[in-house]
1. Run the reach check for residue 15 against lysines, Cα to Cα strictly under 30 Å, same-chain hits fewer than 8 apart removed. What comes back?
2. Would you pull out the residues with amide H under 5 Å of residue 46's amide H, same chain only if 5 or more places away, H placed 1.01 Å from N?
3. Quick check for you: which residues of region 54-69 have the amide N under 20 Å from the point 7 Å beyond the Cα of residue 26 toward its beta carbon?
4. Find how much the distance from residue 70 to residue 44 grows on full extension, using 0.36 nm per residue of separation minus their present alpha carbon separation; answer in nm with one decimal.
Amino acid sequence: MNDLKPCPFCGHDAKIEMCNLRVYDKNVSTTVIRADWEVRCTACFTSKSRCSEYALDNENHFHTLIDGRSEAITRWNKRANETIDISAENGNNNMTNG
Ligand SMILES: [Zn+2]
């Protein structure tokens with residue numbers, strides 16, 4: 001289950017969790033749900049998060065529209081491989097700490 005690489009900054013274990021689950025859109029047939037998946041170091045709290053989007057239809061079937069969980073894991077692992085390269089962090093400046 002846990003294919004996360006260790007933290008690129010301190011080498012401790014990272015974990016992934018879902019946060020900010022909310023209903024994004026709702027109509028007669030479908031409810032669209034968004035959630036953020038956050039990979040976070042258990043020691044220094046460096047984090048990386050991606051938004052996921054899911055649809056729940058009126059037969060209670062659950063569809064993944066945007067798989068933010070794998071994206072968050074991929075991005076975290078990529079950064080772990082590249083060690084510290086903050087210049088590659090354009091565009092996604094989430095100030096979610098605190
Ligand atoms: Zn760390």
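1. Filter leaves 5, 48, 78.
2. Hits under the 5 Å cutoff: 41.
3. Of the residues in region 54-69, 54-65 have backbone N under 20 Å from the label point off residue 26.
4. 7.2 nm
Since every read-out is calculated from the coordinates, none of them should be taken as a lab result. A quick note: this is a predicted structure, and the numbers were derived from the prediction, not measured. Glycine also receives a Cβ, built like all others from the backbone with ideal geometry; neighbour counts cover every protein chain displayed.
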